[in-house]
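The next block holds one structure in the form of structure tokens; read it before the comments.
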Amino acid sequence: MTITHATCVALGDAGVLIRGPSGSGKSDLALRLIDQGAMLVSDDYCDMRIYGGHVVARAPTEIAGKIEVRGYGIVDTPFHSTIRIRLVVDLVKKENIDRLPETQTCMIENIMIPHLSLDPNTPSAAAKIRLIVNSDD
């Protein structure tokens with residue numbers, strides 16, 4: 001098991017791992033996705049492990065079902081106990097995103113996973129994530 005600094009949400013049976021430095025907008029993007037039907041898996045830190053040849057995430061016990069709402073505090077919310085990661089999203093500034101990247105995958109524990117570099121402040125950020133997750137069906 002590895003502890004990863006990231007937020008994770010479940011879009012149906014697809015886990016979306018949102019990575020970025022503290023204050024980059026991980027929780028805010030997760031809240032927008034949750035508002036549109038996703039479910040929290042873990043906010044800020046995830047327990048990551050390999051199970052059945054897939055990368056799986058869950059919340060550490062002490063933060064399960066809790067999400068930070070900046071400017072308000074920590075809020076309890078329903079959560080998904082464990083999920084297979086099907087998309088990794090790295091939060092970056094718009095000017096650092098390639099328009100047509102050469103690769104759209106990344107490796108976690110030697111397992112290839114679809115990858116997206118995303119500016120979380122872009123109005124279409126949540127829509128881009130849903131589009132990519134749904135295109136893998």
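Every number here is computed from the coordinates shown, using simple stated rules; none is lab data. The shown structure was predicted, so the numbers you read here are calculated from the model rather than taken from an experiment. A quick note on method: Cβ atoms are made from the backbone with ideal geometry, for glycine too, and the neighbour counts reach across all protein chains shown.
The ranking of Asp43, Asp28 from fewest to most other beta carbons within 10 Å of each one's beta carbon is Asp28, Asp43. Pairs of C-alpha atoms in the chain farther apart than 26 Å represent 15 percent of all such pairs.
Cβ crowding within 10 Å ranks Lys26, Lys66, Lys128 as Lys128, Lys66, Lys26, fewest other Cβ atoms first. A simple rule links phi to the HN-Hα coupling: the Karplus curve 6.51 cos²θ - 1.76 cosθ + 1.60 with θ = phi - 60°, which for the stretch 32-41 gives 5, 5, 4, 4, 9, x, 6, 10, 4, 9 Hz, with x for Gly and Pro. Listed by chain and number, the aspartates and glutamates whose C-alpha is less than 13 Å from the C-alpha of Lys93, apart from same-chain residues fewer than 8 away, are Asp119. Annotation: amide H-H contacts under 5 Å for His115 (H modelled 1.01 Å from N, sequence separation of 5 or more, or interchain): Val88, Thr105, Cys106. A simple rule links phi to the HN-Hα coupling: the Karplus curve 6.51 cos²θ - 1.76 cosθ + 1.60 with θ = phi - 60°, which for the stretch 77-82 gives 8, x, 9, 8, 5, 7 Hz, with x for Gly and Pro.
Of all the options Arg19, Arg86, Arg99, the one that moves most in a Gaussian network model of the chain with Cα springs shorter than 10 angstrom is Arg99. Using a Gaussian network model on the chain with a 10 Å cutoff between Cα atoms, which of Ser27, Ser117, Ser42 fluctuates the most? Most flexible of the set in this elastic network: Ser117. Among the chymotrypsin sites (Phe, Trp or Tyr not before Pro) found in the stretch 1-92, those both in a DSSP coil and sparsely packed, with 16 or fewer other Cβ atoms within 10 Å of their Cβ, are Tyr72. For the cross-link pairs Lys66/Lys128; Lys66/Lys94; Lys26/Lys94, the ones whose C-alpha atoms lie over 18 Å apart are Lys66/Lys128; Lys66/Lys94.
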